[in-house]
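Only one structure is covered here, and it is reproduced in the block below.
Values quoted throughout were computed directly from the atomic coordinates according to the rules given, and no laboratory measurement underlies them. Nothing here was measured: the structure is a model prediction, and the numbers come from that model. With ideal geometry, Cβ positions are generated from the backbone for all residues, glycine too; neighbour counts draw on all protein chains shown.
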Amino acid sequence: MMTDPGTTPSQTVGPFLSIGMEWLHDPYVVPKGTPGAFWIRGLLVDGAGTPVPDGIVETWQADPQGRFDHPDDPRGAVARTDGFRGFARSMTNAAGEWGVFTVRPGSLPALDGGTEAPHLDVTVMARGMLQRVVTRIYFAGDDRNAADPALSTVDPSRRATLIAQPADDGYRFDIYLQGDSETAFFAV
Amino acid sequence: MTHLILPRYVRDDGVHPPLNSPDYRSSALRYPKKPLQLLPHGLTEITGPALGHQQVGELDNDLTRQHEAEPIGQRIIVQGRVLDSDGRSVPDTLIELWQANAGGRYRHVRDTWPAPLDPNFTGVGRTVTDSEGRFRFVTIKPGAYPWKNHHNAWRPAHIHFSLFGRAFTQRLVTQMYFPEDPLFGQDPIFKSVPDPKGRQRMICQFDLDSTEPEWALTYTWDIVLRGTQATPFEGDDNNDD
């Protein structure tokens with residue numbers, strides 16, 4: 001039985017989210033032209049296989065050294081001078097496409113003493129969704145995936161839904177809200 | 001290597017609407033059908049972006065001063081604090097807000113119901129909370145509007161709020177409602193929140209003391225994000241270390 005912590009409940013972003021959120025639509029985690037930077041692109045797809053045109057994808061990640069500019073990181077905050085933001089917001093377009101321009105984050109020390117493989121945390125919201133869903137993007141071919149404590153809790157048959165695959169200008173990561181290919185989502 | 005000690009954010013899943021809420025018809029194809037996997041709060045989850053300081057302009061919290069003239073409608077002030085569930089304020093955090101105009105129409109290409117647009121109202125604002133988590137918007141009271149969820153469906157007047165908090169775990173998008181709205185009972189979005197106490201927390205309060213004489217009615221609304229379990233709840237299963 002969960003105690004009621006008294007938090008404010010979530011509600012849907014509704015169909016008109018773009019008027020409130022488009023102003024901060026900025027897919028650039030790192031500035032254009034950053035050496036080694038690439039796109040992660042994908043579709044947001046509903047249970048009928050239809051792309052979602054009224055959705056939003058936000059990502060948050062460590063820098064390539066696995067550090068954050070944040071006071072709660074016990075290793076210390078790393079102040080930014082290089083334009084690295086860690087954050088990106090991409091509103092889906094009419095075809096349900098989204099994308100973020102970024103660099104691969106470093107690995108992170110994990111709570112259990114192990115190591116978290118490079119990953120992005122992802123928030124997905126849309127009309128029809130009464131709260132956000134959260135997933136993670138990992139990178140195909142990264143040796144560190146095998147020992148990642150979060151990835152290893154996911155049913156092996158579904159781990160592939162969390163791994164971005166190489167594409168022409170970076171990586172491909174489609175998000176399926178339902179269906180045979182339903183993306184593995186996390187309770188955060 | 002020293003053991004990593006991080007804040008642990010309270011899990012409040014029971015407060016929020018189920019993603020599968022059949023009365024809200026649009027949810028049918030947009031909720032995960034497979035169980036969610038519990039994600040421990042590591043470094044990515046307990047950190048988050050500090051947004052807004054560069055982007056938010058001085059007048060962005062006043063939706064009545066974005067055009068040549070004032071918008072039509074009841075001028076209101078919406079103010080309050082952003083707190084966490086431990087009672088601590090959440091300072092310096094971005095709030096985004098959007099809403100319909102007084103006639104219940106959004107300035108959005110897909111909103112085509114026959115209520116007039118107001119050339120003096122965009123319906124979009126933002127602000128950053130102060131050092132005590134306080135925020136203040138000046139706007140007009142939004143109207144109710146019909147939608148096609150069920151026969152004779154109307155959304156109660158509401159304002160959309162988007163918050164980041166200080167960590168990825170605290171991200172919240174919600175809607176603020178107005179007291180004693182007769183449309184609550186038929187609204188599947190409002191009623192998707194399972195607990196009546198939770199529903200009450202989405203409703204602002206009319207605040208006569210803060211109402212500005214001969215200027216604007218004030219509504220007060222505090223927004224509560226997840227805290228870090230600084231004091232474990234009694235009966236909480238915290239015996240794992």
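Summary table below
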quantity	calculated
In the range B:20-76, the residues that are within 13 Å of chain A (Cβ to nearest Cβ) and farther than 28 Å from A:Val133 by Cβ	B:His53, B:Gln54, B:Gly57, B:Asp60, B:Leu63, B:Gln66
Looking only at the range A:3-22, and only at residues there that are over 19 Å from the mean Cα position of the chain (by Cα) and surrounded by fewer than 16 Cβ atoms within 10 Å (Cβ to Cβ), the one that is nearest to the other protein chains (Cβ to nearest Cβ)	A:Thr3
Residue in the range A:55-71 that is out of contact with any Ser or Thr (no Cβ under 6 Å at 6 or more places or on another chain), of a type in the set (Lys, Arg) and within 13 Å of chain B (Cβ to nearest Cβ) present	yes
Unique residue being buried (at least 21 other Cβ atoms within 10 Å of the Cβ) and either closer than 21 Å to A:Gly47 by Cβ or more than 7 Å from chain B (Cβ to nearest Cβ) (or both) when the list is A:Arg132, A:Arg127	A:Arg132
Those residues of the range A:135-150 which are within 10 Å of another protein chain (Cβ to nearest Cβ) and either in contact with a helix residue (DSSP H, G or I) (Cβ under 6 Å, 6 or more places away or on another chain) or touching a residue at least 60 places away in the same chain (Cβ under 8 Å) (or both), in sequence order	A:Arg136
Selection status of B:Arg105, basic (Lys, Arg) and under 27 Å from B:Gly165 (Cβ atoms)	no
Residue in the range B:210-218 that is touching a strand residue (DSSP E or B) at 6+ places or on another chain (Cβ under 8 Å), within 21 Å of A:Ile19 (Cβ to Cβ) and surrounded by fewer than 22 Cβ atoms within 10 Å (Cβ to Cβ) present	no
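A quick yes/no check of all residues on (1) at the interface with chain A (Cβ under 10 Å from one of its Cβ atoms); (2) buried (at least 16 other Cβ atoms within 10 Å of the Cβ); (3) not hydrophobic (A, V, I, L, M, F, W, C):
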| site | (1), (2), (3) |
| --- | --- |
| B:His158 | yes, yes, yes |
| B:Leu163 | yes, yes, no |
| B:Arg171 | yes, yes, yes |
| B:Tyr177 | yes, yes, yes |
| B:Asp181 | no, yes, yes |
| B:Gly185 | no, no, yes |
| B:Phe190 | yes, yes, no |
| B:Ile203 | no, yes, no |
| B:Phe206 | no, no, no |
